[in-house]
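The values are calculated or read from the model by the stated rules, or taken from the named source; none is laboratory data. Because the structure is a prediction, the values reported are computed rather than measured. Note that each Cβ is placed from the backbone with ideal geometry, even for glycine, and that neighbours are counted across all protein chains shown.
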Amino acid sequence: MINLYSDSIVAYTPVENRECQRNIHLDWICGLLIIHMIGGHIAQFMHERYILDSVFFFFMPWFFFKSGMFHKIKKEDVIIIKSAKRLLIPFIVFSLIGELFLMFKLIGLERYTLSEFGIRVFKYAIYNGICEGNLPLWFLLTLFMDKICFNLLQLKQISHVSIIIGSFLVAIFLRYLKINFPPYCISFFTGLFFYSMGFYLKNFQYSRWLFFLSILAVLSITLFMPTFINMRDSTVRYGNFVIWFPYALSGIIVINNLVKNIPYLLNISLIIKIGQNSMPIYVTHWIILSIVEIVLMLIGVQSRSVFMWVMIFACIIVLPLLTYFINRYCKSVVGV
C-alpha cells in the first residue's frame, strides 16, 4: 500500500517546520488546525457560519507564533533568499494555478470576457495583496514580510519588547482610525506581534504559572467578551479588537501546553502526518474546493448538502494523492 503521507518526507508546516520536526506536539496542533481550516473554507464556500471559529479563535495567530519560535537571525540577503524559496515560490505557483480555475469559472459560468477577467484580477490583487483564485495564500506573503522585518529589526538590535509593543500599538492605531487600505497593512502588524511573541516566549511559554494565567485569561475572556478576528483584513466578527491580542496569545499558550502534556493525543498519527505535510495541503485545498464548485455548477447541482459532502469527500480523497505527488515529484513548488 502506498503511504500517502510518507515518513521520509521532511516535516514542515505552512510556516516552515524543518527546524521543529523534533516537536511532534506542534505537528499535532498544526494538523488539527489544518483540518479546522479546511472545514472553515468549506463553510465559506457554502456561505455558512462555521461554529468552530469560536473554539479555535487563535487559529491564524498560532502559525505566526509557531514560526517565530524557530526564527534564526541571519544576514539580510540570506534570510530574503531562504524565505523567498520557502514562502514566495508556493505563493506565486499556487496563486497562478488558482487564478486559472477562477478564469474557468468566471468566463465559462458567469460570462465574463477575458478583458473583464483581467481587470478584475488586477484590481483585486492590488487592493488585497493576494490573488482571488487562492485566497488563503495571503498568509504566505504576510509571513514573508514579517520574517524579513523581524530579522532586520533584530540585526539593528531593536529589543523584542519594543517590537512587540510597537507592532501592537500600530495595529490598534490603524484599526481604530479605520485605515484599512490596503487591508493587509494591519495583518502585517498583527502577524509581526504574534511572530515576535513566538520568538520571545519559545521556551518561557511552557512555565506552569504562565500556563495557569493563560487558562484564566481564556476562561475569563470567553465568559465576558469572547472575540474572533478575521486576521487577513482585521474584521471584527464579534468581540473587541484589543482584547483579541491577549485572548489569542493565551489560547496559543494553552493549546501548546495541553498537547505537549497529554501524550496519548500524539498516538493519533494521522493528525501528525497532516501537520507534517501541511504545506501541500494548505496551498492546494482551496483549488480543489474551487474545482468541485465549478463541476457541480456545470452539471446543475443546487443542493447545499450535496456541495458540502462532495467537497468533504474530495478533500479526503484528492488531498492525500496531491500531497504524495508533490512530495514525490515536485517538492520545490512548496518551498522544499
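Looking at Phe45, Phe104, can you tell me which residue is within 30 Å of Gln302 (Cα to Cα), surrounded by fewer than 21 Cβ atoms within 10 Å (Cβ to Cβ), within 19 Å of the chain's Cα centre (by Cα) and not aliphatic (A, V, I, L, M)? I'd like the intermediate steps shown before the answer.
Details: Phe104 fails: within 19 Å of the chain's Cα centre (by Cα).
Just one listed residue meets the conditions, Phe45.
Picking from Leu153, Leu96, which residue would you name as being surrounded by fewer than 14 Cβ atoms within 10 Å (Cβ to Cβ) and over 21 Å from Trp62 (Cβ atoms)? Spell out the reasoning first.
Values: Leu153 fails: surrounded by fewer than 14 Cβ atoms within 10 Å (Cβ to Cβ).
Matching residue, one of Leu153, Leu96: Leu96.
Does Phe150 satisfy the criteria of being modelled with pLDDT of 95 or more and either of a type outside the set (Lys, Arg) or part of a helix (DSSP H, G or I) (or both)? Can you show your working first?
Numbers: modelled with pLDDT of 95 or more: yes; either of a type outside the set (Lys, Arg) or part of a helix (DSSP H, G or I) (or both): yes.
In short, yes.
Is there a residue in segment 56-77 that is out of contact with any helix residue (DSSP H, G or I) (no Cβ under 9 Å at 6 or more places or on another chain) and surrounded by fewer than 19 Cβ atoms within 10 Å (Cβ to Cβ)? Quick ask: steps written out before the conclusion?
As a first pass, look at segment 56-77 and keep what is out of contact with any helix residue (DSSP H, G or I) (no Cβ under 9 Å at 6 or more places or on another chain): 77.
Next, only the ones that are surrounded by fewer than 19 Cβ atoms within 10 Å (Cβ to Cβ) stay: 77.
Yes: segment 56-77 contains one or more residues that are out of contact with any helix residue (DSSP H, G or I) (no Cβ under 9 Å at 6 or more places or on another chain) and surrounded by fewer than 19 Cβ atoms within 10 Å (Cβ to Cβ).
It is to be established whether one or more residues within segment 294-313 are of a type outside the set (A, V, I, L, M), under 26 Å from Leu143 (Cβ atoms), in a helix (DSSP H, G or I) and touching a residue at least 24 places away in the same chain (Cβ under 8 Å).
Narrowing segment 294-313 to residues of a type outside the set (A, V, I, L, M): 300, 302-305, 307, 309, 313.
Checking the rest, the ones that are also under 26 Å from Leu143 (Cβ atoms) come to none.
Checked segment 294-313: no residue is of a type outside the set (A, V, I, L, M), under 26 Å from Leu143 (Cβ atoms), in a helix (DSSP H, G or I) and touching a residue at least 24 places away in the same chain (Cβ under 8 Å).
Would you check if there is a residue in segment 204-213 being in contact (Cβ under 8 Å) with a residue 40 or more places away in the chain, surrounded by 13 or more Cβ atoms within 10 Å (Cβ to Cβ), in contact with a helix residue (DSSP H, G or I) (Cβ under 6 Å, 6 or more places away or on another chain) and not in a helix (DSSP H, G or I)?
No, every residue in segment 204-213 fails to be in contact (Cβ under 8 Å) with a residue 40 or more places away in the chain, surrounded by 13 or more Cβ atoms within 10 Å (Cβ to Cβ), in contact with a helix residue (DSSP H, G or I) (Cβ under 6 Å, 6 or more places away or on another chain) and not in a helix (DSSP H, G or I).
So which of Ile243, Ile221, Ile252 ends up being surrounded by fewer than 20 Cβ atoms within 10 Å (Cβ to Cβ) and assigned to a helix (DSSP H, G or I)?
When all the criteria are applied, what remains is Ile243.
Do we find that Leu223 is free of Cβ contacts under 8 Å to residues at least 12 places away in the same chain and either among the hydrophobic types (A, V, I, L, M, F, W, C) or more than 27 Å from Leu319 (Cβ to Cβ) (or both) in this structure?
yes
Consider segment 293-314. How many of its residues are modelled with pLDDT under 95 and crowded, with 19+ Cβ neighbours inside 10 Å?
Adding up the residues that qualify gives 2.
Evaluate segment 115-130: report whether one residue or more is in contact (Cβ under 8 Å) with a residue 24 or more places away in the chain, small (Gly, Ala, Ser) and closer than 23 Å to Tyr200 by Cβ.
Checked against the condition, which is being in contact (Cβ under 8 Å) with a residue 24 or more places away in the chain, small (Gly, Ala, Ser) and closer than 23 Å to Tyr200 by Cβ, segment 115-130 yields no hits at all.
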